[in-house]
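The values are calculated or read from the model by the stated rules, or taken from the named source; none is laboratory data. The structure presented is a predicted model; accordingly, all values stated were derived computationally and were not measured. Neighbour counts run over all protein chains shown; Cβ positions are idealised from the backbone, glycine included. Surface areas here come from the heavy atoms of the whole protein model, side chains and all, with no ligands, DNA or RNA. Shrake-Rupley method; radii C 1.70, N 1.55, O 1.52, S 1.80 Å.
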Amino acid sequence: GIKWDPADTAFSFPPQWERLWFLILTSSFFLTLVWFYFWWEVHNDYNEINWFLYNRMGYWSDWSIPILVTTAAGFTYITMLLILALCHIAVGQQMNLHWLHKIGLVTTLITTVVTMSSIAQLWDDEWEMVFISLQATAPFLHIGALAAVTALSWLVAGQFARTEKATSQMLMFTAYLAVVVALYLVPLTISSPCIMEKKALGPKPAILGHRGAPMLAPENTLMSFQKAVEQKVHGVQADVVLSYDGVPFLMHDKTLRRTTNVEEVFPERAYEHSSMFNWTDLEKLNAGEWFLQNDPFWTAGSLTRADYLEAANQSVCKLEDMLEVIKDNTSLILNFQDLPAAHPYYSAYINITLETILASGIQQQAVMWLPDMERQLVRQIAPGFQQTSGLKLDAERLREKGIVKLNLRYTKVTNEDVRDYAMANLSVNLYTVNEPWLFSILWCAGVPSVTSDSSHVLRKVPFPIWLMPPDEYHLIWITSDLISFLVIVGVFVFQKWRLGSIRTYNPEQIMLSAAVRRSSQDVKIMKEKLIFSEINNGVETTDELSFCSENGY
């Protein structure tokens with residue numbers, strides 16, 4: 001399967017191997033493109049992914065940036081190889097990939113496949129982000145893909161004109177035509193809530209601070225909720241736990257390791273459930289230094305000197321203190337951690353928490369009660385609370401349970417669900433929405449409210465990032481397709497005219513024809529190269545070779 005080329009005295013693979021490597025290169029390009037697009041778009045959920053990995057590995061590390069940089073480097077490398085390969089094809093040469101590039105190509109392909117498979121198994125819900133993001137990017141990606149395929153017509157038309165076999169020409173043209181026609185018709189499948197008339201746009205979704213304002217201060221601390229109030233958010237979301245001696249405080253994780261210095265103060269108790277600590281012990285912990293050290297949102301460097309010092313001195317926050325800060329300005333979504341069965345207030349913590357809330361003086365209508373347990377008791381003690389569910393159920397079942405509001409992850413709800421719940425007079429709050437493009441999509445879809453880590457960013461979004469009337473979008477679509485079609489037809493006609501009458505000659509044949517008919521060492525060498533070339537192209541019989549030798553060429 002390996003042939004010897006006397007022209008350069010080197011070994012090379014047959015053309016079928018070149019085609020195989022080109023197929024591997026093309027596959028790698030599209031896979032790395034999809035992975036790069038995915039990882040760029042999930043920027044909204046980087047903190048969730050890091051928290052997920054923290055629970056898996058037991059220590060905090062920001063994996064998002066290394067993965068993004070590695071993905072970008074791999075995609076750039078594969079793209080450069082593909083561009084060079086297309087340039088070789090354009091001038092009729094083989095790719096001649098170096099073995100180092102082949103190793104790099106296979107390594108990149110395998111790494112991408114393994115990483116994508118791992119995400120699909122560990123975090124399958126995150127792939128929904130790709131389909132949601134296409135609602136924002138598909139119209140623009142379509143135009144970009146159209147430009148790329150139109151530019152590719154120069155190479156396809158050149159190969160079409162050079163190919164002598166009608167069957168090969170037909171296969172090449174049919175494959176390219178199928179891709180072009182499919183791309184022309186792709187907009188028929190594009191559905192975006194932001195393709196709508198401007199007058200049909202609903203009000204801006206209300207913004208609730210997720211654990212306060214966690215990009216501006218350590219999450220679930222008093223400073224975080226003060227910052228949220230300063231941002232004039234509609235409400236806040238908080239996670240409530242009951243201490244061992246019956247004091248409600250705020251903590252998201254089951255342990256204190258991530259957001260406090262418990263490993264320094266109580267190293268032997270670092271892995272205990274947070275509810276197994278007395279409040280006197282909790283008061284000794286620092287709940288702000290981790291924010292400055294880990295910098296989970298890359299915002300610590302932008303804090304003022306005063307805010308930096310204040311963040312460094314935050315402690316674990318009581319529910320009572322948080323309610324005092326927000327009671328006159330915002331609404332509240334409360335989430336609860338399940339207590340261990342050995343906790344002394346295991347059966348009474350709902351009552352204790354209710355007493356704390358009602359004693360704060362906050363309006364009952366401002367409280368969205370999320371836990372499913374003891375709903376009947378909560379309705380009796382606090383009938384004004386908005387009963388909120390974290391489960392996606394049909395509207396009829398929700399009404400039967402007395403639910404008036406839903407609190408769901410944004411990947412769990414479709415645009416149709418939002419409309420159906422609105423028709424049933426059920427309000428939907430979606431979490432966690434940090435990026436303006438995602439906020440814009442949900443705004444166009446009619447979502448009433450969102451929970452966000454970046455309330456200070458979203459409150460400055462005055463209008464959806466893009467909003468396009470259907471007629472305008474159809475005009476852009478048809479015009480782009482028409483321009484592309486005319487350019488492709490023009491390129492094929494020009495390439496056929498430019499290359500149609502040119503035969504493919506061996507370089508030695510051209511040089512030998514131009515050589516002066518006299519005996520010289522150079523002419524003899526060219527004759528020998530031509531003979532070897534003809535042998536490789538099919539002149540294999542002894543008679544043919546004898547005929548060539550007898551005639552001297």
Number of Lys pairs in the range 206-459 closer than 25 Å at Cα, excluding neighbours under 8 places apart unless interchain, is 18
Gly390 neighbourhood, Cβ < 12 Å, K/R = +1, D/E = -1, net charge +3
Quick calc, Phe485 & Asp338: beta-carbon distance into FRET formula, R0 51 Å, rounding 0.05, result 0.25
Checking rank on 409-418, 439-448, 44-53, 220-229, with mean other Cβ inside 10 Å and highest first, the result is 220-229, 439-448, 44-53, 409-418
Put His273, His474 in order of accessible area, largest first, probe 1.4 Å, and you get His474, His273
Label model pair Asp295, Ser27: point-to-point distance (7 angstrom along the Cα→beta-carbon line) in nm is 4.1
Among [x] 26.5, 78; [y] 29.6, 97; [z] 33.3, 113, the entry matching Rg and Dmax of the Cα atoms in Å as calculated here is [z]
Filtered hits (aspartates and glutamates, Cα-Cα < 18 Å from Lys199, offset >= 8 within chain) -> Asp471, Glu472
Computed over the range 206-459, the Cα gyration tensor eigenvalues, each multiplied by 5 and square-rooted, give semi-axes in Å (largest first) of 29, 24, 15
Computed, not fitted: 222 nm per-residue ellipticity of the chain from DSSP H runs ≥ 4 (each -39500 (n - 2.57)), nearest 500, equal to -17000 deg cm²/dmol
Once all protein chains are kept in place, Met116 shows an accessible area at probe 1.4 Å, nearest 10 Å², of 30
Over the range 366-420, with neighbouring protein chains present, the accessible area per residue in Å² at probe 1.4 Å is 48
Ordered by number, the trypsin sites (Lys or Arg not before Pro) in the range 134-203 that occupy a DSSP loop and have at most 15 other Cβ atoms within 10 Å are Lys165
Other residues with Cβ under 12 Å from the Cβ of Ile207 give, with Lys and Arg +1 and Asp and Glu -1, a net charge of +3
Rounded to the nearest 10 Å², the 1.4 Å probe accessible area of Asp338 is 110
Along the range 203-211, Karplus-curve 3J(HN,Hα) (6.51, -1.76, 1.60; θ = phi - 60°) to the nearest Hz, with x for Gly and Pro, reads x, 5, x, 5, 10, 10, x, 7, 6
With DSSP loop assignment and no more than 13 other C-beta atoms within 10 Å, the chymotrypsin sites (Phe, Trp or Tyr not before Pro) in the range 266-369 are Tyr271, Trp298, Tyr346
Taking alpha-carbon centroids only, the range 399-438 lies from the range 57-95 a number of Å equal to 38
Within the chain, the percent of DSSP beta bridges that are antiparallel, given to the nearest 5, stands at 20
Carbon/sulfur accessible area of the chain, % of total, 1.4 Å probe, equals 61
The answer for the chain, counting only DSSP H helices whose Cα atoms cover 30 angstrom or more along the axis and whose Kyte-Doolittle average is -1.0 or greater, is 15-41, 64-90, 99-122, 128-162, 470-499
